[in-house]
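A short worksheet on the structure shown next.
Please treat every number below as a calculation from the coordinates, not as lab data. In this text the structure is predicted, and so the values were computed from the model without any measurement. Here the Cβ positions follow ideal geometry from the backbone for every residue, glycine too, while neighbour counts run over all protein chains shown.
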């Protein structure tokens, strides 16, 4: 954007906000830097819209007028580039599912986590203190957050923590999705057991090091369905500023097309994994936080051990996230994505046997999963409502 266009855009947004204020409206900026964040903000937005008409909403994003933003029904004139967010002191709240989001110093900045705690011990200090309040997803998330406060000696700083829950999962927890309906929509046989391969995105994790091999091995198992759903950031736009970092420079949709000749294979590159979670019987992953969502459903998870990630990537990317060592991420429940309540594949030749074992004995680790699940959710099925009520209380509407 040219400097003169940027100035014009900023002035236009400021004017709209001032007019909203004169009409007695509170202003919330929804930070949707990536369209993959839509599922984390949309349920809260919808709940707020049902409860009050005294809020005017704006969207900060890299992708103005993208079709993924249509469900918000927010005018293109109230959407702007994320780089302008800090310009608008008129906003009452800057609401972001992104710990790197930056709002105006005069706005109340609220962070809503877009995943469960995995991969690191604590947030980075500067990112964490950029927010005035944190909407916590679970007791596990509270542990990670309080650890961050202790680590950086922030006890005297006014940082509000609210026990909210994981609004993205409300529909899943409320039984909205039915396995048979989801599989029929995907043209898969609902009578077969369904394996879901849902890896995380980082360099050194299973998708980049062995993804195709994993898919090939699973497809050799008879009488199962295989659904592949990658981390949303693995579908990052090729023209986006972080394409190489998030994808390894690979168009994964094109890369995995070769498997579509298998009638029992589906690659589902959607932002919303919840219907697929409801339809799947077994998950194969690495250290993706989606495993924790599957554990809440008391379903078996199989983890691919990824030495390259633990030995190299952690030091390269997460060295500033507290005591984020390979041993910590492998073994501590605040970072290991539930490996301690699942089966871990250290030798790829074990994968098929572990899947078969989980099909035959789905309740093998159920007691451990259920115990761990107690740490994984506040207000299950009602998180969006609790978030909306909390925001309304904060705004004194």
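Brief remarks on what is shown
- GNM result for the chain, Cα springs below 10 Å: residue of 166, 177, 197 fluctuating most strongly: 177
- Between residue 213 and residue 5, residue separation times 0.36 nm minus the direct Cα-Cα distance comes to 70.0 nm.
- For the chain, calculated [θ]222 nm from helices alone, where every DSSP H run of n ≥ 4 adds -39500 (n - 2.57): -10000 deg cm²/dmol
- Using the Cβ-Cβ distance between residue 357 and residue 271 with R0 = 30 Å, the FRET efficiency computed as 1/(1 + (r/R0)^6) comes to roughly 0.40.
- Spatially, segment 75-139 and segment 175-229 are offset by 33 Å when compared through their Cα centroids.
- Taking all Cα-Cα distances within segment 344-397, those exceeding 15 Å account for 69%.
- A compact globular protein would have a Cα radius of gyration near 2.2 N^0.38 Å; the ratio found for segment 141-295 is 1.22.
- C-alpha long axis of helix 139-151 to longest principal axis of the chain, angle in °: 60 degrees
- From the C-alpha gyration tensor of segment 1-71, square roots of 5λ in Å: 22, 20, 7
- When Rg and the Kirkwood radius Rh are both evaluated on Cα atoms of segment 35-105, their ratio Rg/Rh stands at 0.92.
- Span from the segment 347-395 Cα centroid across to the segment 236-302 one, whole angstrom: 17 Å
- Every pair of different Cα atoms in segment 142-222 enters the Kirkwood calculation, which places the hydrodynamic radius at 17.5 Å.
- Ratio of Rg to Rh over segment 207-349 (Cα coordinates, Kirkwood Rh, two decimals): 0.95
- The chain - share of DSSP beta bridges that are antiparallel (%, nearest 5): 0 percent
- The C-alpha atoms of segment 222-293 occupy a region whose extents along the principal axes are 41, 31, 19 Å, arranged from largest to smallest.
- 0 to 90° range, to nearest 10: angle between helix 383-395 axis and the chain longest Cα axis: 20 degrees
- Working from label points 7 Å from Cα in the Cα-to-Cβ sense, the residue 65 to residue 18 distance is 2.6 nm.
- log₁₀ of I(q)/I(0) at q = 0.11, 0.20, 0.26, 0.27 Å⁻¹ - segment 285-353, Debye sum with one point per alpha carbon: -0.27, -0.83, -1.19, -1.24
- Principal axis dimensions, segment 272-397 - Cα atoms, whole angstrom, descending: 59, 39, 26
- Relative contact order %, the chain, counting alpha carbon pairs below 8 Å whose residues are six or more apart: 19 percent
- Value in Å of the Kirkwood radius, where the chain supplies the Cα pairs that are averaged: 22.0 Å
- Gaussian network model of the chain, Cα within-10 Å springs - most flexible of 289, 68, 280: 68
- Label-to-label distance, residue 160 versus residue 126, with points set 7 angstrom from Cα along the beta-carbon direction: 2.7 nm.
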